[in-house]
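Have a look at the structure below, then the notes.
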Amino acid sequence: MAIVVRTANWHSERSTIRTIRETVFVREQKVPADLEWDTLEESAQHFLVFEDGVAIGTGRLTAGGKIGRLAIKKSARGLGYGAQLLETICEHARHLGHQRVYLHAQQQAQGFYSRSGFVVEGDIFSEANIPHIRMVRDLDSLSG
Ligand SMILES: CC(C)(COP(=O)(O)OP(=O)(O)OC[C@H]1O[C@@H](n2cnc3c(N)ncnc32)[C@H](O)[C@@H]1OP(=O)(O)O)[C@@H](O)C(=O)NCCC(=O)NCCS
C-alpha cells in the first residue's frame, strides 16, 4: 500500500474532504450537519490521506493551533494512518511556529491521542452530544 499524507486546499479539494467527513461524522457518528461545517473551514489548513491514490482520511489545523475533524474511513482504520496523519499535522504546526497544539478529543479516542503524546487538560464536556475532553501536546520535542 502506498500512503501519502499531505496538505489539502479547501477551495480545490473540499468535495473530497466533505465526502469523508460526511461519511464518518454525519452518517456514522450522527453529528448534525450544521455543526459539522463551521466558519473555520476557509481559514484552516486541511490535510488528506491517500491509500494507493484514493482519499481515505482527513483532518485540519486552525490558525489558533487547534487540530480537529480527524477522520479515517472505517475500512482503513487500525492501520496506523490516523497516527501518521496526526504526526504530519503536528509537524506542520511546528513549522508554522506553534509551540503547542490542542484538540477536543472524543472520549472514546483519548487513548489514540495519548499514544501520540497528547495529555488531558480539564474535564469532560459535551459537544455535538458526544463526550469530549481537551488534550494538548507540546511540540518542542519535534525537530525542525
Ligand atoms: C480516531 C481515528 C482517526 C483513528 O484513526 P486510525 O487510522 O484507526 O488510527 P491508528 O490506526 O493510527 O491507531 C489505531 C489505534 O488507536 C485506537 N483507536 C483508534 N480509534 C479509536 C477509537 N475511536 N476508540 C478507541 N481506540 C481507538 C485503536 O484501538 C488502535 O490501537 P492499537 O494500535 O493499540 O490497536 C479513526 O478511528 C476515526 O476516524 N474514527 C472515527 C472518527 C473519530 O472518532 N475521530 C476522532 C474525533 S476526536
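The values are calculated or read from the model by the stated rules, or taken from the named source; none is laboratory data. Keep in mind it's a predicted model, so treat the numbers as computed, not measured. Cβ atoms come from the backbone with ideal geometry, glycine included; neighbour counts cover every protein chain shown. For the accessible areas, the whole protein counts, side chains as well, though only heavy atoms, and no ligand, DNA or RNA atoms are used. Shrake-Rupley method; radii C 1.70, N 1.55, O 1.52, S 1.80 Å.
Taking the accessible area of the chain, probe 1.4 Å, and keeping the other protein chains in place, the carbon and sulfur fraction comes to 49%. Computed from backbone phi, the HN-Hα couplings of region 79-85 come to 10, x, 5, x, 5, 5, 4 Hz, rounded to whole numbers (Karplus: 6.51 cos²θ - 1.76 cosθ + 1.60, θ = phi - 60°; Gly and Pro given as x).
Might you report the magnitude of the Cβ-based charge dipole of region 3-138 about its Cα centre, with Lys and Arg at +1 and Asp and Glu at -1, to the nearest 20 debye?
Details: 17 positive and 16 negative charges, 43 e Å.
So the magnitude is around 200 debye.
Scaled to the compact-protein estimate 2.2 N^0.38 Å, what is the alpha-carbon radius of gyration of region 3-138, rounded to two decimal places?
The reported ratio for this selection is 0.98.
Karplus-based coupling profile of region 52-65, in residue order and whole Hz: 6, x, 9, 5, 10, x, 8, x, 8, 10, 8, 4, x, x, with θ = phi - 60° in 6.51 cos²θ - 1.76 cosθ + 1.60 and x standing for Gly or Pro. Taking all protein chains together, Ser75, Ser116 sort by accessible area into Ser75, Ser116, largest first [probe 1.4 Å].
Can you give the longest stretch of the chain with no exposed loop site, where a site means GluC sites (Glu not before Pro) in a DSSP loop (not H, G, I, E or B) with at most 11 other C-beta atoms within 10 Å? By the stated rule (loop sites, at most 11 other Cβ atoms within 10 Å), 43-120. Normalised per residue, the accessible area of region 5-144 is 52 Å², obtained with a 1.4 Å probe and no contribution from ligands, DNA or RNA.
Using only alpha carbon pairs under 8 Å that are at least six residues apart, calculate the relative contact order of the chain and give it in whole percent.
Computed value for the chain: 20 percent relative contact order.
Specify the longest stretch of the chain that does not include any exposed loop site, a site being one of the trypsin sites (Lys or Arg not before Pro) with a non-H, G, I, E, B DSSP assignment and at most 15 other Cβ atoms within 10 Å. Counting at most 15 other Cβ atoms within 10 Å as exposed, the longest clean stretch of the chain is 78-144.
Of the residues Tyr102, Tyr113, ranked by 1.4 Å probe accessible area with the largest first, the sequence reads Tyr102, Tyr113.
Our estimate of slack between Leu79 and Leu35, defined as 0.36 nm per intervening residue step minus the Cα-Cα distance, is 13.0 nm.
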